Amino acid sequence: MWNAVINKKMKTKSTGTTEDGATIEVQEAANIPNEKDDRISNLEAMMHIIKSTIGGGFLAMPEAFSNAGLLVGSIGTMILGISVLNMMSFIVRASQVLRTPKYAIMILTDQNVDNDVAEEEHNQEPIDIKSNELVLEPLDFPETVGLVFKYGSGGRFASWTKLINKFTTISLIVTYYGVNIIYVCVVASTTKQLVDLYTTGAEVGTWSYTFHDLNIRWYPLFVALLIIPMGMIRIIKLLVPFSIIANVLISASAAVLFYFIFTDDGGRDPLRPEERSKLVVWPITRWSLFAGSALCSMEGVGMLMHVENSMKKPRQLIGPPTYTLHWSMLIIVILNGALGFFGYVRYGDRCLGSVPLNLPSDNRLSEAVKIVVTLGILMTYGLQLTVTADLVGQWLKRRTEPKVFHRIGSKKQEKEKNFNLDYYIMRFILIVGTVIIATIVPDVGPMISLVGSVGFSVLGIIIPVAMETAWYWDPKSENDFEETLQGTNCDGETVEDGNGLASAAVLMSKVAKTDKARRKMAIRRTLRHVKNSIYVILAFFALTGGAYYNLKEIFTPSHSVPAPDISRIEA
């Protein structure tokens, strides 16, 4: 049994004591030295966060505003942005709290009760319970969700741990693998459209004639030549250039889109009086369509923990001095709101699922926008595949060896080297799988889009709300409440402090502070429940809206459009 010793006399953060009394060097947890060269900076983390959200959903914001109107759309974008930021911040904060000594001791002890293999590895230097450093290695999203239910509120919801962990894992895999499939479909469809456009009228016997009107099922095979090299990149640090290029391409596309919007397409296709953009769109049921589209355009919870786990300074993701996540979400909300507002002002109810589809078809610049957008989506393939590949890889690994929560600086098991080859084989199979599915069902877009809308509503709001509720369900889990109740026992009763009038005065003071703390906690808990109830309503609005929109698109005969609908893609 691992001896969870609490070292209360550690003079520095860099030294510790083993069981035999020897002094050893302990690496600081905050730096997370494993694969230090592969860690990303705050700016690189911002690039990944923005790219994991800004994409196809971003281009669908004018159409989203057409379902709500200018006023509701603008306010709704801000509310949804705040909701996403709040829930994503809680996920990161919970993960980091679980990695601190207070919970690390419980996690490592419970692990060794069930897994004696890890005892020798974790029977190291003592853990300073007073330290606020990150002791455990990074946790992924499903692990964080499971541990929150297991240890939050004194373990009240521990019996739900396995169920919620599996549910989160399956939701992540299905949603993000579906996103990768639709990426292949969109790139293949757009490529076919452009090839057919520029090979029209080709002479018989030429290469142009051969490729003209080629069956759509061939194009995913061509796309595979591009996505296999990008999809095999495992280290997030190496994917930073792709995210930067993708952000540049999407930004350039957005600039051209605003050019067309503000210049009125050179006088073409003016907005008719009956199509003037509305301040509020009725009926209210259409607002759910807006919520589904807007949430998909701002949600990136699947990549969140991967980015945080790869940062050199993970605490600065949601903390001072940079607040990387907050600035990223501010940029995301402004870009989505601006394109949605002005795009709807320009095109009104004629907004299509992707705003490039509204551009003039006889314009070289608008055709260039479609190409650039396609390349931007293509550049994100490897980043999005990381979510699915890592989760599937961990599942395969747990089938051969038990789950081990490592301390930072601990020795990795030798099987990790052998697992790397298996991981890359598995990743290659996943890439080929997206190509095969896109080849068999090239029009899979609406179905995958349906999964995406439902999946991001569940992953981005419903599960985090359940996490926060489970964590704070027990009043004793309120950290600031516990700090205020110093000098009281676990039940909130005052502790005897002496005799006489002085003692009575002390006791009365403590009682007053306790009552004040209880009132503050009651108000805070009430506000939290109200907030989470609103979030759940918004999530179900987005879920039902996305489900309705995409089911209608699946079962309604499609109308001809100049390019594939990428309105629900989470890029």
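A few notes on this one:
- Net length gained if the chain between Leu71 and Ile228 were fully extended (0.36 nm per residue, minus Cα distance): 52.1 nm
- Restraint check, Lys150/Lys312; Lys102/Lys150; Lys166/Lys237; Lys237/Lys313; Lys312/Lys403; Lys166/Lys312, Cα-Cα greater than 18 Å: Lys150/Lys312; Lys166/Lys237; Lys312/Lys403; Lys166/Lys312
- With R₀ fixed at 60 Å, the C-beta to C-beta distance from Glu401 to Arg518 puts the FRET efficiency at about 0.80.
- With the simple spin-label model, which puts each label point 7 Å out from Cα in the Cβ direction, the Ile425 to Ile331 separation comes to 4.0 nm.
- Ile235-Thr526 pseudo-label distance in nm [points 7 Å out on the Cα-to-Cβ vector]: 5.4
- Protein-only accessible surface order, largest first, of Arg272, Arg315, Arg524, Arg346 at 1.4 Å: Arg272, Arg315, Arg524, Arg346
- In the stretch 232-360, a dipole from Cβ-located charges (positive for Lys and Arg, negative for Asp and Glu) runs towards its positive end, and of Ile331, Pro321, Met303 it is Pro321 whose Cα lies farthest in that direction.
- Cα gyration tensor category, rounded, prolate or oblate, for the stretch 276-364 with a/c compared to 1.5: prolate
- Averaged over residues, the count of other Cβ atoms within 10 Å places the peptides 371-378, 246-253, 527-534 in the sequence 371-378, 246-253, 527-534, highest first.
- In nm, spacing of pseudo-spin labels at Asp213 and Thr200 (7 Å Cα→C-beta vector): 1.3
- Judged by the mean number of other Cβ atoms found within 10 Å, the most tightly packed of the peptides 159-167, 466-474 leads the ranking 466-474, 159-167.
- Take the Cβ atoms of Val280 and Leu43, set R0 to 51 Å, and the FRET efficiency comes out at 0.85.
- Nonlocal amide H pairs with Met311, under 5 Å, H built at 1.01 Å: Ile40
- For the peptides 331-337, 64-70, the ranking by packing is 64-70, 331-337, with the highest mean count of neighbouring Cβ atoms within 10 Å listed first.
The values are calculated or read from the model by the stated rules, or taken from the named source; none is laboratory data. These numbers were taken from a predicted model, which means no experiment stands behind them. Methodologically, a virtual Cβ is constructed for each residue, glycine included, from the backbone with ideal geometry; neighbour enumeration extends over all protein chains shown. Surface accessibility is based on the protein's heavy atoms, side chains included, excluding ligands, DNA and RNA. Shrake-Rupley method; radii C 1.70, N 1.55, O 1.52, S 1.80 Å.
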